[in-house]
Amino acid sequence: MTSKGERFRPGVTIPSSGIYSVVHTGHPKDDHDVTCIRGRKFPACRDCGASVEFVLVRKAKHVKHHELFSGEVAVPATS
């Protein structure tokens with residue numbers, strides 16, 4: 001189970017969808033938040049390559065993985 005504050009490196013499969021803080025360890029770039037989707041891979045930075053870490057700030061389900069929004073949806077008939 002993924003816990004808040006856990007750190008991940010590029011190339012690792014994203015364990016939980018959510019908001020991650022990006023910490024650039026190889027360049028003097030400001031930290032920033034991004035949304036990452038479970039099952040994809042954490043990417044390398046275009047400027048500093050693998051010298052970056054992703055820190056889980058808050059888990060959040062991707063809309064496609066939420067039980068109220070996945071699968072077939074009944075669309076009401078219009079008159």
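Computed from the coordinates by the stated procedures, all read-outs in this text should not be read as laboratory data. Everything numeric here is computed off the predicted structure, so don't read it as measured data. Every residue, glycine among them, receives a Cβ derived from its backbone with ideal geometry; neighbour counts consider all protein chains shown.
Shown here are the Rg and Dmax of the Cα trace of region 7-65, at 11.1, 35 Å.
Think of each Lys and Arg Cβ as +1 and each Asp and Glu Cβ as -1; about the Cα centre, that makes the dipole of region 7-65 roughly 420 debye.
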